[in-house]
2 protein chains.
Amino acid sequence: MKKLNIGLIGFGTIGSGVVKLVQKNKKLIFEKTGIKLELKKIADIDIKTDRGVKVDKKILTTDANEIFQDSEIDIVIELVGGTTIAKDFVITALNSGKHVVTANKALLSRYGKQIFKTAERNKKYIQFEASVGGGIPIIKVIKESLAANKIEQIYGIMNGTTNYILTRMEEDKIDFKEALKQAQELGFAEADPTLDISGGDAAHKLQILASIGFNKYIEDSKIYYEGIENIDLTDIMYVSDLGYKIKLLAIAKIENKEIECRVHPTIIPDRHLLSSINDEFNAIYVKGDAMGPQLFYGKGAGSLPTASAVVSDILDIAKKLMDNNQNYTEKFYNENPNLKIKNFKDISSRYYFRFHTVDKPGVLAKIASILGKFNISLTSVIQKETGQKVVPIVMLSHKAYENDVQKALKEIKKLNIVKNLKIIRIEDLS
Amino acid sequence: MKKLNIGLIGFGTIGSGVVKLVQKNKKLIFEKTGIKLELKKIADIDIKTDRGVKVDKKILTTDANEIFQDSEIDIVIELVGGTTIAKDFVITALNSGKHVVTANKALLSRYGKQIFKTAERNKKYIQFEASVGGGIPIIKVIKESLAANKIEQIYGIMNGTTNYILTRMEEDKIDFKEALKQAQELGFAEADPTLDISGGDAAHKLQILASIGFNKYIEDSKIYYEGIENIDLTDIMYVSDLGYKIKLLAIAKIENKEIECRVHPTIIPDRHLLSSINDEFNAIYVKGDAMGPQLFYGKGAGSLPTASAVVSDILDIAKKLMDNNQNYTEKFYNENPNLKIKNFKDISSRYYFRFHTVDKPGVLAKIASILGKFNISLTSVIQKETGQKVVPIVMLSHKAYENDVQKALKEIKKLNIVKNLKIIRIEDLS
């Protein structure tokens, strides 16, 4: 039997979920694991608002230092979020001799190396299952269960807000703005949705997963990301006719010791399982050299699902402590100098182009000729009769280089015959 | 750094996969985990056949005792299969002071309690990730990552052979026999496919998962199972029209401290993710009180996917040894007397009935009246004009008790107007 004292910093949505879960399943958790969890202190700037959960007022404080200075507290849970004060809390907790559990992807993605080194220097554990995929145990799975594999690919729908919006656009045939509004009303998008919509949140998560999967620390600045704010219902309907869907996909691959990591709206075949991941759900598709493809699906956010991952981290640390574990060698920041990170402009991909052009003879030929000049060859071209003066042309290409595509688009723009121009990258997942 | 010596018993499909994987990824595994795996001995009755993998002949033996008696061997991997000699090997290995990794679901399902007690008495680890879901790390996930949850439901497509056959029947519009033949030709079904086809293999796996998930040891004799050998293409097409699919589903639920475990062909909504799991793939859908629904998907069989799980077990044990772990309290046979196992006849379910009756007035009324007498009320009835003397009637019911359904069918049979009679249970997964 092991008793563990917990100090919680951040009594918001996830924090109150953790309190609820520990209270509700305390006995069950003890029966399953022999571990007794004790919530000893909760710090938040607001300790007055009712969180729908009963706690002894004596354990509430507005001063996080009370947690760091409490010698009986074994683990600090950081659920403040952001990269400013949360960073101080995590570093101070580790330096105060506490193990740390956090769900803070932004913090780890930006300052992971410093934080992991601080944990190592203090011989303390830091766990962060809830930082990617909410309740889905993807970090531990990749780190431990799939450890015998060379991980070759990670494809993730890792942001619930954008997946909800894209699903609603497609199913309800509404445009981006309306779907965003709906998401905000239902609590699937924040008042300021920028971090989610822009792909930035998914990029944070990809940084964490890819660094673990490929066993090489990837700087967050090396990850290209692009959001869904420019996806039109038209695009969704065009690709639907062709047997595809559009998802905000986080992509990490390794080939010939070169890693590529990127997040952008991606066209994928509608027969692939990832196409069936709808609404606010998340899924991560991982391919390894021995296991082949696997997919992990669940709720990527929300109070209790995220709390489920936070508590599993606490139990992991408890087990290690129970085992008198003195092995602090878990490294999350391997340099692995023989693996290189590919520049985004050097990636190759298939592309979907949508041009709105003036309806004059020779326009299509001019565009196709510029594409050809940059080694972009087409697999299909769709131009429907519209009777309008500006006509849309949709083209799908074979694999081409990002750099060539950007150069071609620059030349096409100079023609002054294109009103609107859009590219979406295609991944032919099998 | 930790060096681990392995003795392998059983050099068949999975055994040679383990050897291949350890050889191929030895360096990578060491970089990731700091663990050096050394294959010290391989025992098999046949050490002559070429397994497509290079091994030093000196490590091959036909005598498993050489492994048990080798004091340098830390872990024994049992990949012999079956419940006779494999049982002796596992028990002897544990009694000889070796940790054990096995993929043997039949053995664990039948003799689990004895084996786990032997491991505990000897203070040795026994791990068995590969026994359920092949390469999918479902056992560790349920045991560790989802530990904070009260597990409420487990639904699994856990047998690749039957899933392959059902997929082929549906997509190629062929009957059971032809699909089975195809599966055998492609190596997805064995020459004697009984254990897979009958649902027995899936029942073994469900016994293991449910015992861990509900934290109560479930005797294998308590699990009802039924195979797919009587599923006709007609049934698949009838339910397809209604928006459903047929899968061999392993079902475990807990409600009001009562557990039900059963394996049978099951009609599920075609919009549910489990309906998209095709061919030889496996998937396990788990619902917990905090995390909500999750799904884990991958290859449920095959040489390298299964080897991926076996090696992850080895690495888990190595890590525990590295940590000087003296905690041997992992119990896989909790009695949990406050949880009861429901008798199969007491379950309730929705039902699909297919009757072939003589085309006479009043037949439908007679059947419906008997069903009504046993509290079976219908949601839909389909009777198409066929011009034949024997006509099929398909009925779908509301929830009814299995016991009542069996009694009703008995009375209906007595009418002597029904030529063919089939029931398939429905699960309205959401």
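The values are calculated or read from the model by the stated rules, or taken from the named source; none is laboratory data. Small disclaimer: the values here were computed from a predicted structure and weren't measured. Cβ placement follows ideal geometry from the backbone for every residue including glycine, while neighbour counts extend to all protein chains displayed.
Within segment B:416-426, can one find any residue that is of a type in the set (Lys, Arg), without any contact (Cβ under 8 Å) to a residue 24 or more places away in the chain and not assigned by TED's automatic domain parsing to the domain that holds B:ASN122? Give the steps one after another, and end with the answer.
Kept after step one, since they are of a type in the set (Lys, Arg), are these residues of segment B:416-426: B:419, B:422, B:425.
Add one more test, that the residue is without any contact (Cβ under 8 Å) to a residue 24 or more places away in the chain, and what stays is none.
No, that holds for no residue.
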Does segment A:80-92 contain any residue that is within 14 Å of chain B (Cβ to nearest Cβ), out of contact with any His (no Cβ under 8 Å at 6 or more places or on another chain), buried (at least 18 other Cβ atoms within 10 Å of the Cβ) and farther than 22 Å from A:ILE136 by Cβ?
no
Regarding B:ALA290, is this residue aliphatic (A, V, I, L, M) and touching a helix residue (DSSP H, G or I) at 6+ places or on another chain (Cβ under 6 Å)?
yes
Restricting attention to segment A:147-159, report how many residues are surrounded by fewer than 24 Cβ atoms within 10 Å (Cβ to Cβ) and either under 20 Å from the mean Cα position of the chain (by Cα) or more than 13 Å from chain B (Cβ to nearest Cβ) (or both).
2
Is it the case, given these coordinates, that B:ILE367 is more than 14 Å from chain A (Cβ to nearest Cβ) and crowded, with 23+ Cβ neighbours inside 10 Å?
yes
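Test A:THR266 against the criterion of being part of a strand (DSSP E or B) and within 24 Å of A:ARG354 (Cβ to Cβ), and give yes or no. So that I can check it myself, show each step before the final result.
Numbers: part of a strand (DSSP E or B): yes; within 24 Å of A:ARG354 (Cβ to Cβ): yes.
When the stated conditions are applied, A:THR266 passes them.
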Can you tell me which condition B:ILE218 does not meet? The list is (1) closer than 21 Å to B:LEU108 by Cβ; (2) part of a helix (DSSP H, G or I), and all the others hold.
(2)
Would you please name the residue that is nearest to the other protein chains (Cβ to nearest Cβ), looking only at residues in segment A:314-332 that are touching a helix residue (DSSP H, G or I) at 6+ places or on another chain (Cβ under 8 Å) and modelled with pLDDT of 90 or more?
A:LEU315
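Name the residue, out of A:GLY302, A:GLY292, A:GLY288, A:GLY298, that is more than 30 Å from A:ARG354 (Cα to Cα), of a type outside the set (D, E, K, R), without any contact (Cβ under 8 Å) to a residue 40 or more places away in the chain and facing chain B (nearest Cβ under 9 Å).
So the residue among A:GLY302, A:GLY292, A:GLY288, A:GLY298 that is more than 30 Å from A:ARG354 (Cα to Cα), of a type outside the set (D, E, K, R), without any contact (Cβ under 8 Å) to a residue 40 or more places away in the chain and facing chain B (nearest Cβ under 9 Å) is A:GLY292.
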Being more than 8 Å from chain B (Cβ to nearest Cβ) and assigned to a helix (DSSP H, G or I) is the filter; apply it to segment A:131-146 and report the residue that is farthest from B:PHE296 (Cα to Cα).
A:SER131
So, B:ALA318, is that one aliphatic (A, V, I, L, M) and closer than 30 Å to B:ASN104 by Cβ or not?
yes
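For B:GLY52, state whether it is without any contact (Cβ under 8 Å) to a residue 40 or more places away in the chain, part of a loop (DSSP other than H, G, I, E, B) and closer than 30 Å to B:GLY199 by Cα.
On the way: without any contact (Cβ under 8 Å) to a residue 40 or more places away in the chain: yes; part of a loop (DSSP other than H, G, I, E, B): yes; closer than 30 Å to B:GLY199 by Cα: no.
No, not satisfied.
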Scanning for something surrounded by 21 or more Cβ atoms within 10 Å (Cβ to Cβ), closer than 30 Å to B:VAL286 by Cβ and in contact with a Leu (Cβ under 6 Å, 6 or more places away or on another chain), does segment A:310-333 turn up at least one residue?
yes
Residue by residue through segment B:3-34, note down the ones that are surrounded by fewer than 20 Cβ atoms within 10 Å (Cβ to Cβ), at the interface with chain A (Cβ under 9 Å from one of its Cβ atoms) and outside any loop (DSSP other than H, G, I, E, B).
B:LYS20, B:LYS24, B:LEU28, B:GLU31
Quick one: how many residues across segment A:1-50 are farther than 21 Å from A:ALA86 by Cβ and small (Gly, Ala, Ser)?
1
Residue in segment B:238-259 that is nearest to B:GLU335 (Cα to Cα), counting only those that are surrounded by 16 or more Cβ atoms within 10 Å (Cβ to Cβ) and of a type in the set (D, E, K, R):
B:LYS253
Within segment B:411-427, considering residues that are farther than 17 Å from B:ASP241 by Cβ and within 31 Å of the chain's Cα centre (by Cα), the one modelled with the lowest pLDDT:
B:ASN420
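Quick test for you: out of B:ASP235, B:ASP196, B:ASP201, pick the one residue that is without any contact (Cβ under 8 Å) to a residue 40 or more places away in the chain and either in a helix (DSSP H, G or I) or surrounded by fewer than 24 Cβ atoms within 10 Å (Cβ to Cβ) (or both). Spell out how you get there, then give the answer.
Details: B:ASP235 fails: without any contact (Cβ under 8 Å) to a residue 40 or more places away in the chain; B:ASP201 fails: without any contact (Cβ under 8 Å) to a residue 40 or more places away in the chain.
Matching residue, one of B:ASP235, B:ASP196, B:ASP201: B:ASP196.
Run down B:ASP88, B:ASP70 and say which single residue is assigned to a helix (DSSP H, G or I) and either at pLDDT 95 or above or over 23 Å from B:LEU107 (Cβ atoms) (or both).
Working: B:ASP70 fails: assigned to a helix (DSSP H, G or I).
Answer to the check: B:ASP88.
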Checked against (1) away from chain A (no Cβ under 14 Å); (2) exposed (fewer than 13 other Cβ atoms within 10 Å of the Cβ); (3) under 32 Å from the mean Cα position of the chain (by Cα), B:PRO337 satisfies every condition except (1)
